[in-house]
Amino acid sequence: MLNFLPSALRGLLSSLLLLLNVLLLGALILSLAVLKFLLPFKAVRGPLDRVINALGQIWVGNNGLWMGLVQRTQWQVQGTEQLSPRGWYLVSSNHQSWVDILVLQKVFLGRIPFLKFFLKQQLIFVPVIGLVWWAMDFPFMKRHSEAFLKKHPEKRGEDQATTRRACEKFSLVPTSVINFLEGTRFTQAKHDQQGSPFQHLLKPKAGGIALAINAMGEKFQSLLDVTIFYPDGPPSFWDLLAGRVRQIVVRVNELPIPAEFVNGDYSGDDAFRARMQAWVQNLWQAKDAQLAQLRLEYPHR
């Protein structure tokens, strides 16, 4: 434990270890991705995907090592005991900080298959790691604005097609797919601008999760509804690197995915869309209440 060092020095050390992890594991993953690109056959792709996912798990494990090295974070995690690394899971979580991603990866390491995220198209240009995400079949979404779609209606449905193609790949190897229903990180300014009916959450968007269920619902054995709470407030990524995150609380609730949602048409069936949105609203109401309760259980010091 190096928590006795000044926070700036811990942040520098963590940054170096993080960079080393990205470069070494990234190089291995990219080399296998080249083989997968040159030999696009199921007999080859399946084993290569398993090796690439295993390297991804090592990557996540290494991140957990440097996180434990530079800080004494108290982890309060419940609800992961009955999960399986051989299953298919749809994961949903509230979203407050870039730290959420490392938190989710650490909490689920070895308990469920490697987490796959839906990413903005621009992130493919992030040095090294953008290519690694591409190699690991993370789907990149363009997310056109409504104004753009009115001018270019032919682009409507592009993200839906991307989602379906990605989920078809995920169906070959046990996979966990995560969807942040809020679509962006929570801030009070965004909350007020939206006029969100929830106290601690932004409005959820049901379209993405509806597409994932439609494309791969028969594979998903359950929904993992995750609530992340930081008693001292959402940390920045530098807070994590510098070892300044005192406590992290995570609650995981495994829920069945209603069978009626597997074959519905979210974009074309108004009644189906209303049922899906009502289901998501109920999830969010329960999560908002849970966050309120966690604030009472873990007061800010």
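Listing for the model above:
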quantity: Selected from Leu17, Leu35, Leu172 as most flexible by GNM, with the chain as the system and alpha-carbon contacts under 10 Å; calculated: Leu35
quantity: DSSP-assigned coil residues among trypsin sites (Lys or Arg not before Pro) in segment 28-97, each with at most 15 further Cβ atoms within 10 Å; calculated: Arg72, Arg86
quantity: Subset of Lys120/Lys190; Lys219/Lys287; Lys42/Lys106 violating a 21 Å alpha-carbon distance limit; calculated: Lys219/Lys287; Lys42/Lys106
quantity: Additional length obtainable on full extension of the chain from Ser84 to Glu218, 0.36 nm per residue less Cα span; calculated: 46.5 nm
quantity: Segment 179-253 - convex hull of alpha carbons, volume per residue in Å³; calculated: 127
quantity: Residue with peak Gaussian network fluctuation, the chain [Cα springs, cutoff 10 Å], from Pro127, Pro258, Pro197; calculated: Pro127
quantity: Bins of 5 Å, starting at 0 and running to the largest distance - Cα pair percent for segment 200-301; calculated: 2, 11, 19, 18, 15, 12, 10, 8, 4, 1
quantity: Full-stretch length increase - Leu5, Arg50 - with 0.36 nm per residue and alpha-carbon distance subtracted; calculated: 12.3 nm
quantity: Proportion of all alpha-carbon pairs of the chain beyond 31 Å (%); calculated: 31
quantity: Extended-chain gain in nm, criterion 0.36 nm per residue less alpha-carbon gap, Leu24 and Ala271; calculated: 83.9 nm
quantity: Leu38 versus Gln285: modelled label distance in nm, points set 7 Å from Cα along the beta carbon direction; calculated: 5.7
quantity: Cα gyration tensor, segment 1-149 - rounded (a/c under 1.5), prolate or oblate; calculated: rounded
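Values in this text are rule-based calculations from the coordinates and carry no lab data. The model shown is predicted, which means the values in this text are computed figures rather than measured ones. Here Cβ is always computed from backbone atoms with ideal geometry, including for glycine, and neighbour counts include all displayed protein chains.
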